[in-house]
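The values are calculated or read from the model by the stated rules, or taken from the named source; none is laboratory data. Every value quoted in this text rests on a predicted model; they were computed, and no experiment measured them. Glycine also receives a Cβ, built like all others from the backbone with ideal geometry; neighbour counts cover every protein chain displayed. Only protein heavy atoms, including side chains, enter the accessible area calculation; ligands, DNA and RNA are left aside. Shrake-Rupley method; radii C 1.70, N 1.55, O 1.52, S 1.80 Å.
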Amino acid sequence: MKRVFIALFWLCLGGFGLMSPRPAAAEIKLPEGFVAEVIAADFDQPTAFDFLPDGRILVAERAGMVKVVKDRLIYAQPMIDLRHEVNTGGLDRGLIDVAVDPKFVVNGYIYLLYIYDAPQQKPDADEPRNGRLVRYTVVGDAVDPDSALVLLDDYVCETRNHGVGSIRFAPNGAMFVSLGDGAISEQKTELSYSAQDLNVLNGKIIRIDPATGAGIGPKWGGATEAGNPLYDSANPKSARSRIWSWGYRNPFRMGVHPVTGVPIVGDVGWNSIESLQQATAGSNMGWPCYEGDQLRPEYQKHPICERLKPSDVTPPFYAYSHAGANASLTGGAFNPGGNLPDAMTGDYFFADYSKQFIKRASLDSNGKFKVVAGFGEGMGEPVDLKFSPDGRLFYLSIFSGGLRQIRNVSATVSAAIFPEISCQRTPCVAYDGTILGEAPFTITLNFASVFSQTYLENSSFQSFLVNFGDGSATISVTKAAMLVRHVYAKKGDYALQVRGMPLTSLAQRRVTVGSAKPVVEIKSLSNWMQVKGGESLSLVATARDVFGRPLPDAPVYWWVNVVTPAGKTALPDVIGAKSTLVLPSNLPDNAQIEVMCAVLGPNYHVGVSQLTLLSRLQDGYIRTWWLSRGYPNLKIDEAALDNETNFSLAIGDKRFSLIRSLSQNIDLKNYLTPNEETFTQATHIAYAWVWVESPDERKALIGMNSDESLAVWLNQKEVWRNRVNRPFPDDFRDIDLPAVTLKKGLNQLLVKIAQTNASNATWGFKLRLLNADGSQMSDVRPIIYPMDALSQNNR
Amino acid sequence: MKLSCLQENLAKALNIVGRAVAPRTATLPVLTHILLATDNGRLRVSATNLELGVNCWIGAKVEDEGAITLPARTLTELVSLLPSDRIDLELNNRTQAVRVHCSKTDTNIKGIDAQEFPIVPVFDPEGAIYVNADVLRKLIAKTVFAAATDESRPMLTGVLIRMSEDRITMYASDGFRLSVCSGSLSQPIAEPRQVLVPAKTLAEVGRIVGDQQVPVAIAITPARGQVLFHLENVDIVSQLIDQKFPEVEALIPKKFETLTVLNTADFLKACKQASIFAREASDVVRVRITPSEAGEGSTVDITARADEKGDNMNELEASCTGIPIEIGFNVKFLIDVLSVIEAPQVALSTVTHKSPGLFKGLGDETFQHIIMPINLPKS
């Protein structure tokens, strides 16, 4: 049944009073130097598309499937199949838009907009139905079916026409959704007045929070946000709270200005006028009292139109007459630059389904349309038009040609004739076109596809000249040898140029050789910094590329774990280069807090910086030590280590292992490898080692107790030796309290603990550093890996 | 007013508010009374002497709303002697007498109209500062004892409370000793605050806060005339002392010549023994510190001598660094401070026998106590 509607899909009413037929196929005409290239065509009524950050393209089919396109191939398995609940029972009905969340890399969200058949409703019936906006989470190449979150379901489309339209994001992350008046196209209908009713969503552009579906209120996402014009904080999900602009007939497609955040909406006209509208906050486009800038006499005899003053109506930015023919405006997108000629950067590209054109509108410095110029004719039936993140123009033709890319073959910067690139790390090409790798960096250029006719329509390249930009000789590539391998030996920035012959078109890519990973620096914290429960941690990081250039827009993610001997607890993730995180108030003694900062650089290379913070100890006793094994038959005055006094632990010394004690008392029998020989002997010794970092040279006390004898060396100098027999577990005192001098930086501390006269007795010690006056020394840090301290000092 | 409550709860409430009742010599008779008022299904028990006011709420089954004041002593004594059972209170509005019925006991107590009772402010959470009950309890215990009890220098009868960012610090001094104790606030505050609260008030707060778990809210009235401590079911309101507390930070010695670390319990026991003799010699004890060369085997002698009674000497083991010193202290002050130090060892820093001694728990950075020395008679 769905095929019946093909010819009737998506039309505005032309001047003839009947649905426009499907436009006749025409030859594509583009300005010289541009070609239209089919990316993927085997779709069933594709209605919308959007880009995933990794280069995959999602294409929505009207019946309710979203398909995945990668490398010009359509995946057999759809990302999601909603055919059972998408209503296609009308001209404009179906799955009408798909949008990828701007933070997809982090959250994996996509959004679908369609007319909904509830389970009890007759499938695909031409009856009143509600529109739905649903968020799903993508996992791999499919969505998690349980992740559905309905953000909007109170829009009612009474007829088969003018239903749901587009989903677009503003620069601040707010979501615009366009919704038609839900009225039938053929004749005048009272339903059209709903476009002026501010208590329903028909004929509106709404602006909502993509997380909740509620209207955008003041200070949403930032202090400068004024909120939606009719926002009611008591009822943020009411129609009024969500409405941004009104008086639309069928605002089917729109594009949001990348700086101002104002949508430019293509409002499909009725009998006379197609209008591009600038949807500023609170603007009223006048439908049905006005069509474009013209009064609609059919609708004037109604209180709504009688009340509406001309001054209340925002005139279209740009409008064109049907001039006795069919027309159906498809709102478009702003050219971000980077692929089309510079003169077109910032232009708004839009299309007409019936007239089969793509045009571009230039804006003046005040954001007003300056001039509209033709761009393409015979483009098929454009129903969606977007720029990829790297600035290539794509459009979707619903019946013929599918998804196409318009390629600039004359410009000096052209991605399209570029050969396929492979390198050690795949993918190695960032969206900005940069090819990234570490020296020596081997890239392989495969020209097979660019020589292939199926890849490149109208290709007549005979050969390519390749200049690697690193001073090596230019090489010529022909069909005889289409694989080219090249090694960039040194770190640097190179221009890789590929010139097609005999067409003389030139494509250029930047090759960056060096660490592709961003260099991340955590600014606000230092390793082994002491923190306490309830403290608010300032999380500030900077990211630079390998050449030291800042990456201010790279996404920054923070992961913070509280690590205790009982396990690891993750704190809520934090996003942003400047953020804060409040530590749990019940931070256990001697917890370590792992802070990891990851920055997503070009081409999804992730740079990471990690450091560890320490929970400030309430009692100051060091609980983390390197412990030697137990040595039997030795006493306190006998040495197991050669040259005990001058001993310095080397990380990796197999005789020592790292321990962390929950208690202030280091119970050696808990930690030493069971050794019958040791523990059955009446006398045995063991060593404990730690570095202590002091911010300055200072006098200090070492507070200790032990079972039994102990000796202590600080910086290879013996500072204490106590030959005693004493029990200790229940004694909370620091019996041994030598006065010492700590040097600035790392101090080496070696403790020898002896058990002298019992084979099965307890055996242990405790140690802390105190200020010279006996108060707690809170600014020294026990260090387990000296390189951590040293690297910190080098920062 | 007609209500029922449990004897146990009412007795506890009367005990809590009792300290705020004015003495019987008060010029306003109603101040010797306790206010009983129904309040949102609970019974509010209030007392005030105009300097200190306490509101306490207990659960009650309220049948008729109302309020009355009853003589504090009569009511408290009676309730404490009633059986542990339900108490029914019924006000006769005509006679302003309350019938107190419990088990088989029937009592009528004449009261004064509640309208005459001064208004005891209730808690307003706006701008309140929160501190954990155990922190507050520790701060009070470690400072209040050092405040002056004689009224000749009113500013010294108070405890200075300074709050800044996430720290709360209390200072108390009677001119001969100084206690400084600090702790964490439950929530950081934006602007530093400072108030001088009567030590008596804080002692009450410390007594009532008991084993409460929820944080205590401290509210300072905008004019800074009053402070309110909001506990679980109890509000304590107090006038602030409108005087300047001396700048005491400078008194805390920053350097020392001798550091002595002693077992807190041994030191306290020695002081208690010495006090038996010292009380007849102006409470003076002589502390002689003799560091050994190696630091090990140092000794501290605590000596008290009463010409009439005899003398006492205790030798304590200690870890000492620095020069030998012989210094005199008021033994009561020593007992006071050693009683509140929780650390098993106490660190005593001294400079000369004429300079104050600084006492800290070993490894404790939250508490400092200094005691002025006493000139020793030549022995």
Original post:
Are any residues in the range B:205-225 modelled with pLDDT of 90 or more, of a type outside the set (Val, Ile, Thr) and in contact with a strand residue (DSSP E or B) (Cβ under 9 Å, 6 or more places away or on another chain), and if so, which ones?
Top reply: B:Ala217, B:Ala219
Original post:
Does A:Phe387 count as touching a residue at least 40 places away in the same chain (Cβ under 8 Å) and more than 19 Å from A:Gln278 (Cα to Cα)?
Top reply: yes
Original post:
Any residue at all in the range B:32-48 that is in a helix (DSSP H, G or I) and touching a strand residue (DSSP E or B) at 6+ places or on another chain (Cβ under 7 Å)?
Top reply: yes
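Are any of the residues in the range A:104-119 among the hydroxyl-bearing types (Ser, Thr, Tyr), at negative phi and assigned to a loop (DSSP other than H, G, I, E, B)?
No, the range A:104-119 has no match at all.
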**OP:** Tell me which of these A:Pro550 doesn't satisfy, since it passes every other one: (1) modelled with pLDDT of 80 or more; (2) surrounded by fewer than 18 Cβ atoms within 10 Å (Cβ to Cβ); (3) within 14 Å of chain B (Cβ to nearest Cβ).
**Re:** (3)
Original post:
What are the pairs, 6+ residues apart or on separate chains, where a residue within the range A:576-596 that is in contact (Cβ under 8 Å) with a residue 60 or more places away in the chain has its Cβ under 8 Å from a residue that is open to solvent by 20 Å² or more (accessible area, probe 1.4 Å) and among the aromatic types (Phe, Trp, Tyr)?
Top reply: A:Val595/A:Trp559
Original post:
Any residue in the range A:87-97 that is open to solvent by 50 Å² or more (accessible area, probe 1.4 Å) and out of contact with any Phe, Trp or Tyr (no Cβ under 7 Å at 6 or more places or on another chain)?
Top reply: no
Original post:
If you scan the range A:714-743, which residues turn out to be of a type outside the set (D, E, K, R), away from chain B (no Cβ under 11 Å), surrounded by fewer than 20 Cβ atoms within 10 Å (Cβ to Cβ) and assigned to a strand (DSSP E or B)?
Top reply: A:Thr741
Subject >> Residue in the range B:338-354 that is farthest from A:Gly703 (Cα to Cα), counting only those that are within 14 Å of chain A (Cβ to nearest Cβ) and open to solvent by less than 30 Å² (accessible area, probe 1.4 Å) >> reply: B:Thr350
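Quickly run through the range B:169-209 and pick out the residues that are of a type in the set (Gly, Ala, Ser) and touching a residue at least 12 places away in the same chain (Cβ under 8 Å).
Across the range B:169-209, the qualifying residues are B:Ala172, B:Ser173, B:Gly175, B:Ser179, B:Ser182, B:Gly183, B:Ser184, B:Ser186, B:Ala199, B:Ala203, B:Gly206.
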**OP:** Could you list all residues from the range B:355-367 that are out of contact with any helix residue (DSSP H, G or I) (no Cβ under 9 Å at 6 or more places or on another chain) and at the interface with chain A (Cβ under 8 Å from one of its Cβ atoms)?
**Re:** B:Leu358, B:Lys360, B:Gly363, B:Asp364, B:Glu365
**OP:** Mind listing whichever residues of the range A:136-149 are open to solvent by less than 60 Å² (accessible area, probe 1.4 Å), in a strand (DSSP E or B) and over 19 Å from A:Pro102 (Cβ atoms)?
**Re:** A:Ala142, A:Asp144, A:Ala148
Original post:
Out of the range B:298-337, which residues are within 14 Å of chain A (Cβ to nearest Cβ) and open to solvent by 10 Å² or more (accessible area, probe 1.4 Å)?
Top reply: B:Leu316, B:Glu317, B:Ala318, B:Ser319, B:Thr321, B:Gly322, B:Ile323
Original post:
Is it true that some residue in the range A:607-628 is away from chain B (no Cβ under 14 Å), in contact with a His (Cβ under 8 Å, 6 or more places away or on another chain) and not aliphatic (A, V, I, L, M)?
Top reply: no
**OP:** Please work out which one of (1) surrounded by fewer than 23 Cβ atoms within 10 Å (Cβ to Cβ); (2) more than 14 Å from every other protein chain (Cβ to nearest Cβ); (3) assigned to a strand (DSSP E or B) is the condition A:Asp696 fails and give its number.
**Re:** (3)
Original post:
Can you find a residue in the range A:124-134 that is at pLDDT 95 or above, surrounded by fewer than 24 Cβ atoms within 10 Å (Cβ to Cβ) and more than 30 Å from A:Val313 (Cα to Cα)?
Top reply: yes
Subject >> The one condition in (1) at pLDDT below 90; (2) touching a helix residue (DSSP H, G or I) at 6+ places or on another chain (Cβ under 8 Å); (3) over 25 Å from B:Asn330 (Cα atoms) that B:Glu151 fails to fulfil >> reply: (3)
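Please list, ordered by residue number, the strands (runs of 3 or more DSSP E) wholly in the range B:87-131 having 3 or more residues that are open to solvent by less than 40 Å² (accessible area, probe 1.4 Å) and free of Cβ contacts under 8 Å to residues at least 12 places away in the same chain. Before you say what the answer is, go through the steps one by one.
On the way: elements: B:97-102, B:105-110, B:129-131.
In the range B:87-131, there are no strands (runs of 3 or more DSSP E) which contain 3 or more residues that are open to solvent by less than 40 Å² (accessible area, probe 1.4 Å) and free of Cβ contacts under 8 Å to residues at least 12 places away in the same chain.
When the residues of the range B:58-83 are filtered to those that are in a loop (DSSP other than H, G, I, E, B) and in contact with a Leu (Cβ under 8 Å, 6 or more places away or on another chain), which remaining residue is surrounded by the fewest Cβ atoms within 10 Å (Cβ to Cβ)? Talk me through it step by step, then tell me what you get.
So in the range B:58-83, the residues in a loop (DSSP other than H, G, I, E, B) come out as B:60, B:65-66, B:82-83.
Still in the list and also in contact with a Leu (Cβ under 8 Å, 6 or more places away or on another chain): B:60, B:66.
Details: B:Ala60: 21, B:Gly66: 18.
Out of the qualifying residues, it is B:Gly66.
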